[in-house]
Every structure is written in structure tokens, then in C-alpha cells.
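Below: the structure, in C-alpha cells.
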Amino acid sequence: MAIRIGHGIDVHAFGEGDAIALGGVRVPHSHGVVAHSDGDVIIHALCDALLGALALGDIGQHFPPSDARWKGADSRVFLRHVTALLQQAGWRLGNADITVLAEAPRIGPHRESIRRALADELGCDIGQISVKATTTERLGFTGRAEGIAAEAVVLIESIA
């Protein structure tokens with residue numbers, strides 16, 4: 001069986017708002033994010049990881065921020081598109097390992113909802129999705145609570 005790996009990262013500054021989208025789940029927070037779409041760092045990093053594994057560029061190539069169609073867009077639209085590309089190319093997700101970097105909000109209370117939402121979008125078992133979080137020990141922009149970041153690593157398997 002052929003396999004490939006991919007890695008993705010996304011970062012957004014905090015801004016006005018009272019919640020952020022994480023993995024397709026609305027998470028209450030003292031801020032929103034500054035972004036062209038809904039700024040879902042988990043989905044953006046996951047899309048980039050999948051696109052990287054497929055050697056199909058990055059999320060910005062498929063959904064350019066200069067395109068008004070994506071202003072305020074629900075990032076699940078992006079993930080559905082990337083999932084369709086994955087299937088059309090003859091691949092399936094083996095697993096995804098996602099790490100959120102932020103002082104807040106706390107991911108623990110939302111972890112299972114995020115895992116379930118991602119598994120539903122990807123059409124896979126929840127056991128194939130790992131979501132974890134870490135702080136940066138108050139260092140850097142995430143440590144100063146200026147924004148949030150996420151990294152994703154995926155393994156995809158050929159279905160041929």
C-alpha cells in the first residue's frame with residue numbers, strides 16, 4: 001500500500017468577537033479572529049496538510065483570500081473540497097494529528113466535539129483524528145494571547 005504524509009500550519013491574530021471556529025465547532029472565547037474566512041486554524045492547517053500530501057499546493061491556491069466568494073466563508077467548505085480531491089485522486093485518510101497552540105481558549109472541553117466534527121466531514125472514524133493543545137509558556141504571539149495557531153500532520157493511504 002502506498003502512503004504519503006503532509007504537514008500544515010495556520011495562524012490567525014485575535015480580534016473582535018466572542019467565539020472562534022475550531023475544527024468546525026464554535027468555541028466561546030473573549031475574542032474572535034482576524035481572517036478572510038471564518039479563520040478556523042484547525043481546518044486550515046488540516047487542508048494544507050492534505051493538499052501537501054497530495055502535492056496539490058496550499059489552501060491559498062484553492063481559496064485565494066483575494067476572492068470575495070470566500071469572505072467570511074465557513075472553512076468546512078474548504079475541507080469538503082479537499083476531501084473530494086483526496087477521494088478523486090484515489091487516496092483516503094489514514095490519520096490526522098492536530099495540535100493547537102494557544103494560551104486560550106482551552107481545547108479540552110471541546111476536544112471530542114472537534115474530533116467528531118472533523119471525522120464527519122472527512123468521512124472517517126473518530127479514532128483517526130487526534131486533537132491536542134499546548135501553550136507556548138507565555139512566549140511569542142500566542143503566549144501574549146495575540147492569536148492562535150494550529151499544526152496538522154496527516155498520513156494518507158492509496159485506495160488503489
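How many residues are outside any strand (DSSP E or B) and not hydrophobic (A, V, I, L, M, F, W, C) when one looks only at region 135-160?
Qualifying residue count for the region: 9.
Among the candidates 84, 89, 104, single out the residue that is small (Gly, Ala, Ser), surrounded by fewer than 20 Cβ atoms within 10 Å (Cβ to Cβ) and modelled with pLDDT under 95.
Values: 84 fails: modelled with pLDDT under 95; 89 fails: modelled with pLDDT under 95.
Just a single option satisfies the conditions, and that option is 104.
Quick one: which residue in 13, 19 is of a type in the set (A, V, I, L, M), touching a His at 6+ places or on another chain (Cβ under 7 Å) and modelled with pLDDT of 95 or more?
On the way: 13 fails: touching a His at 6+ places or on another chain (Cβ under 7 Å).
The unique qualifying residue is 19.
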Exercise for the section: Could you list all residues from region 52-81 that are aliphatic (A, V, I, L, M), surrounded by fewer than 19 Cβ atoms within 10 Å (Cβ to Cβ) and either within 14 Å of the chain's Cα centre (by Cα) or under 15 Å from residue 42 (Cα atoms) (or both)? Expected result: 73, 77
Completion exercise
Of 20, 9, 3, the only residue that is among the aliphatic types (A, V, I, L, M) and buried (at least 20 other Cβ atoms within 10 Å of the Cβ) is 20
Fill in the blank from the handout: Filtering region 116-134 down to residues that are assigned to a loop (DSSP other than H, G, I, E, B) and surrounded by 13 or more Cβ atoms within 10 Å (Cβ to Cβ) yields 124
Exercise for the section: Determine if region 102-117 includes at least one residue that is closer than 24 Å to residue 158 by Cα, without any contact (Cβ under 8 Å) to a residue 24 or more places away in the chain and not charged (D, E, K, R). Expected result: no
Completion exercise
Going through region 23-35 in order, the residues found to be touching a strand residue (DSSP E or B) at 6+ places or on another chain (Cβ under 9 Å) and either surrounded by 13 or more Cβ atoms within 10 Å (Cβ to Cβ) or among the acidic types (Asp, Glu) (or both) are 23, 26, 27, 29, 31, 32, 33, 34, 35
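The values are calculated or read from the model by the stated rules, or taken from the named source; none is laboratory data. Model, not experiment: these values are computed from the prediction. A quick note on method: Cβ atoms are made from the backbone with ideal geometry, for glycine too, and the neighbour counts reach across all protein chains shown.
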